[in-house]
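The next block holds one structure in the form of structure tokens; read it before the comments.
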Amino acid sequence: MTARETVAVAHPNIALIKYWGKRDEHLVLPFNDSLSLTLDVFPTTTRIRLDPDATVDQFVIDGRAARGEVLHRATEFLALVRERAARQERAVVDTRNTVPLGAGLASSASGFAALAMAAAQAYGLSLSATQLSRLARRGSGSAARSVFGGFVLWHAGDPDAPDPDLSSYAEAVTDTRLDTALVAVVLDAGPKAVSSREAMRCTVATSPLYQGWVTDSRADLVRMRTALRNGDMACVGEIAERNALGMHRAMEAAWPAVRYRSPASHTVLHHVRRLRKEGVGAWATMDAGPNVKVLCASADAEQVAERMREVTARVVVARSGPGARLAAVTS
Ligand code: PMV
């Protein structure tokens, strides 16, 4: 008899108002609210089976046994699920990504959203989507948002609440009809030199620009929600680009400086500005890696992608994608 297996699928999300910096490392509570778009490309599929005879968890990621920091984070996450479920069994987990790992293309968001959903189900926790996003947050902050599809808001939560964990969760933003695309310009698919966790710590502790960026992000979020409601693509794009560039300036001002932008990233950023001058609505955003994602109206996506192919052949058009879902439970 094969053991019962649970399978979950989740997609990455790209933040238009970024999360950068934790006010609580253990609970993964951010300083500011963030807002993202869940994509319809690069899904992560995670299968989990409980093994009553095993003494350790086993993780295979993209066909290889996980080791080091990746294994440590995944095991800690399962320990949290076990504690909540008051269960003991260890798990055998197999994860398949379709996005390059650790390259600022949000693999940790889809990874921990899929793991949270699969593990909660396997250990018999019955969670609402809100509760699931709080759980996924503990694995990787941005994973809280991949629980939902489309535009998603992650509440930073109330630091003075008796249990701040309860107030920091994601939810779908449904009061918009804006049909956007994100054109991913993949410059380097290798793992990043500095983890986002380390880079955030360093930025919060040393960057003279950090507090200003957090304050701006709070105002950006309010304006972005209005722009989404009004279907104002230009306003959404401009706020997103300014927010991302502000985050990168803040980390570049840290000591030691955190630099994810490469010369090739600057070439793409320049290309995006030139497109705008030509009258095409295109705005750039970047995460913890050199790759650039170009935000535009869905109707303009192919034209924008074609122009980006002048810089590199590896250009992927993404649109609004679904939230995390259970794909199968077999016994
Ligand atoms: O979830 P983490 O710890 O991988 O951090 C993600 C941080 C950014 O991708 C740079 C921004 C964001 O809001 O997703």
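Observations, loosely collected:
- For segment 177-197, taking the residues that are at pLDDT 95 or above and not aliphatic (A, V, I, L, M), the one that is nearest to the chain's Cα centre (by Cα) is identified as Thr180.
- Taking the numbered list (1) under 30 Å from Ala328 (Cβ atoms); (2) within 16 Å of the ligand (Cβ to nearest atom); (3) in contact with a Ser or Thr (Cβ under 7 Å, 6 or more places away or on another chain) in turn, Leu29 passes all entries but (1).
- Total residues in segment 187-229, condition open to solvent by less than 10 Å² (accessible area, probe 1.4 Å), aliphatic (A, V, I, L, M) and away from the ligand (no atom under 12 Å from the Cβ): 4
Condition check ((1) among the small types (Gly, Ala, Ser); (2) within 14 Å of the ligand (Cβ to nearest atom); (3) within 30 Å of His248 (Cβ to Cβ)) across all residues:
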{"site": "Arg4", "(1), (2), (3)": "no, no, no"}
{"site": "Gly21", "(1), (2), (3)": "yes, yes, yes"}
{"site": "Ser36", "(1), (2), (3)": "yes, yes, yes"}
{"site": "Ile48", "(1), (2), (3)": "no, no, no"}
{"site": "Phe59", "(1), (2), (3)": "no, no, no"}
{"site": "Gly63", "(1), (2), (3)": "yes, no, no"}
{"site": "Val70", "(1), (2), (3)": "no, yes, yes"}
{"site": "Arg73", "(1), (2), (3)": "no, yes, yes"}
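- Members of segment 149-177 found to be within 25 Å of Ala282 (Cβ to Cβ) and open to solvent by 30 Å² or more (accessible area, probe 1.4 Å), listed by number: Asp175, Arg177
- Residue among Met251, Met247, Met233 that alone is farther than 20 Å from Leu29 by Cα and assigned by TED's automatic domain parsing to the domain that holds Arg307: Met233
- Residues in segment 299-321 include none that are part of a helix (DSSP H, G or I) and under 22 Å from Ser34 (Cβ atoms).
- Selection status of Thr330, under 30 Å from Ala118 (Cβ atoms) and open to solvent by 60 Å² or more (accessible area, probe 1.4 Å): yes
- Of everything in segment 1-42 that is open to solvent by 20 Å² or more (accessible area, probe 1.4 Å), touching a helix residue (DSSP H, G or I) at 6+ places or on another chain (Cβ under 9 Å) and more than 30 Å from Thr203 (Cβ to Cβ), the residue that is modelled with the highest pLDDT is Glu5.
- Among the residues of segment 241-269, those that are under 22 Å from Ala318 (Cβ atoms) and either of a type outside the set (A, V, I, L, M) or open to solvent by 20 Å² or more (accessible area, probe 1.4 Å) (or both) comprise Glu241, Arg242, Asn243, Leu245, His248, Tyr260, Arg261, Ser262, Ala264, Ser265, Thr267.
The values are calculated or read from the model by the stated rules, or taken from the named source; none is laboratory data. Every value quoted in this text rests on a predicted model; they were computed, and no experiment measured them. Glycine gets a Cβ as well: all are built from the backbone with ideal geometry, and neighbour counts include every protein chain shown. Surface accessibility is based on the protein's heavy atoms, side chains included, excluding ligands, DNA and RNA. Shrake-Rupley method; radii C 1.70, N 1.55, O 1.52, S 1.80 Å.
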